[in-house]
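The values are calculated or read from the model by the stated rules, or taken from the named source; none is laboratory data. These numbers come from a predicted model, not from an experiment. For neighbour counting, all protein chains shown are included, and Cβ atoms are generated from backbone atoms with ideal geometry for every residue, glycine included.
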Amino acid sequence: MREDDLQRAAMMLHHRKEHLAQGDPIAKPIVMTSAYHLPTVQAGGHFYTRAGNPTWDAVEAQLTLLEDAPSLAFPSGMAAISAALMACVQGGGRVVLPSDGYYVTRVFAETFLRPLGVDVQFLAARDYAAADFAGASVVYVETPTNPFLDMVDIAGVAARAHAAGAKVIVDNTTMTPLLQRPLDLGADLVVAADTKAPAGHGDVLFGHVAGRNGALMTRVSDWRRMSGAIPSPFDAWLVHRGLETLELRLTRMCENAGEIARRLQGHKALTALRYLGLPEDRDHDLARRQMSGFGFLIGMTFADEGRAERFLSRCPMIEQATSFGGVHTSGERRARWGDGVPLGFVRLSVGIEPLGPLWAAIETALIE
Ligand SMILES: *Cc1c(COP(=O)(O)O)cnc(C)c1O
């Protein structure tokens, strides 16, 4: 992480301090209420929880510091993504989406945007670099992609998309605002599933949208209030707690992932290996330029499905689950969902376990 990332992480840990009065709790309370004392509607403040809640305010204050941009909390990554898309799309306009990114984003566009008259176009992340965005109203980027870790040059794509008059949305889930800063690179909106590393403990779904364009963020906030896609105060409290250790967890996760990837290089159990921090990786140079860390995801390709499944079920330190970014190392053979990756491809999400025991468990499970 860079100095300014660390500065933001440190400020986030003290964000409540200046608002505390004598006797206030240091830990953020969970405010479970639907309505607020409202003798008059003129005085401002909270009035109804579909429009605002003090526990979201706290998590939004943290996210606003991390993103260095106004941020709105959502009950899941998909709630944030659909809100950002609904704020930007225009009937008859064209939306460019990755064909190899998060699956549900694609299905959402096909199921709900296409019937509204939106021209939905899918493009592989690798093809964004040479794409013609003329006539597009939204260019939606996911980088590095989940699960294959292909990268898109955000600044380059944003410049060309803006020249064509399109808005740019970036899904930053795989990196978080501490490792990649799409808004600084020209994105209009950033969306993320805080279900993953930001919450970090695998016990809550959450998401956010951040952006510096006031009119656009007002539309996102209007969408949340009118569609009713609001997070629960309890979930917001869990994410508030998770975010306090994000920098610490990410540091360990990225260090572990870097070392494990180095040790996996050339391993005879694998036919291919992807980690953006390896100098041999085809996107390594872009990763160096665009991100301030290489993340915690490793792509391991086994010769076939059986070998991949055997590795996953043998390793005592890999949770077999379809999520990532948590404290526990987890892994999944992605082709079981129909992702366009080799049958033996495993997405490994490296956790915070001490490296020695974790590597020993992985190494033993790799022996045929
Ligand atoms: C998990 C994920 C999402 C969706 O998040 P949910 O909280 O499950 O709705 C969106 N984009 C990416 C890249 C993801 O990994």
Can you find a residue in segment 55-74 that is more than 30 Å from C254 (Cα to Cα), at pLDDT 95 or above and out of contact with any helix residue (DSSP H, G or I) (no Cβ under 7 Å at 6 or more places or on another chain)?
no
For the condition without any contact (Cβ under 8 Å) to a residue 40 or more places away in the chain, away from the ligand (no atom under 14 Å from the Cβ) and either in a loop (DSSP other than H, G, I, E, B) or more than 24 Å from G207 (Cα to Cα) (or both), what is the one hit in F133, F122?
F133
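Looking at V120, is it over 14 Å from the mean Cα position of the chain (by Cα) and over 21 Å from S323 (Cβ atoms)?
In short, yes.
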Is it the case that R94 is surrounded by 18 or more Cβ atoms within 10 Å (Cβ to Cβ), more than 16 Å from the ligand (Cβ to nearest atom) and among the charged types (D, E, K, R)?
yes
Using beta carbons and a limit of 9 Å, which pairs, at least six apart or on different chains, have the first residue in segment 59-83 and free of Cβ contacts under 8 Å to residues at least 40 places away in the same chain and the second one among the aromatic types (F, W, Y) and in a helix (DSSP H, G or I)?
none
List pairs: first in segment 228-241 and more than 11 Å from S76 (Cα to Cα), second of a type in the set (A, V, I, L, M, F, W, C) and surrounded by fewer than 20 Cβ atoms within 10 Å (Cβ to Cβ), Cβ under 6 Å, 6+ apart or cross-chain?
P233/I30; P233/V31; P233/M32; F234/I30; W237/I30
Of everything in segment 1-16 that's without any contact (Cβ under 8 Å) to a residue 24 or more places away in the chain and acidic (D, E), which residue is surrounded by the most Cβ atoms within 10 Å (Cβ to Cβ)?
D4
State whether the residues of segment 190-209 include one that is assigned to a loop (DSSP other than H, G, I, E, B), under 25 Å from T64 (Cβ atoms) and among the hydroxyl-bearing types (S, T, Y).
yes
Can you tell me which residue within segment 33-49, out of those that are in contact with a Phe, Trp or Tyr (Cβ under 6 Å, 6 or more places away or on another chain) and part of a loop (DSSP other than H, G, I, E, B), is surrounded by the most Cβ atoms within 10 Å (Cβ to Cβ)?
H46
Being surrounded by fewer than 22 Cβ atoms within 10 Å (Cβ to Cβ) and under 20 Å from the mean Cα position of the chain (by Cα) is the requirement here; does R288 meet it?
yes
Can you tell which of R274, R241 is more than 23 Å from Y103 (Cβ to Cβ) and of a type in the set (K, R)?
R241
Hey, any hits in segment 17-28 for a residue that's away from the ligand (no atom under 16 Å from the Cβ), in a loop (DSSP other than H, G, I, E, B), surrounded by 13 or more Cβ atoms within 10 Å (Cβ to Cβ) and not small (G, A, S)?
yes
For segment 169-201, how many residues meet the condition of being within 16 Å of the ligand (Cβ to nearest atom) and more than 14 Å from the chain's Cα centre (by Cα)?
2
Residue count, segment 136-166, condition more than 25 Å from I298 (Cα to Cα) and part of a strand (DSSP E or B), comes to 4
Give the number of residues within segment 326-347 that are touching a helix residue (DSSP H, G or I) at 6+ places or on another chain (Cβ under 8 Å) and either surrounded by 15 or more Cβ atoms within 10 Å (Cβ to Cβ) or acidic (D, E) (or both).
14
Answer yes if at least one residue in segment 53-61 is under 22 Å from the mean Cα position of the chain (by Cα), within 16 Å of the ligand (Cβ to nearest atom), surrounded by fewer than 24 Cβ atoms within 10 Å (Cβ to Cβ) and of a type in the set (D, E, K, R), and no otherwise.
no
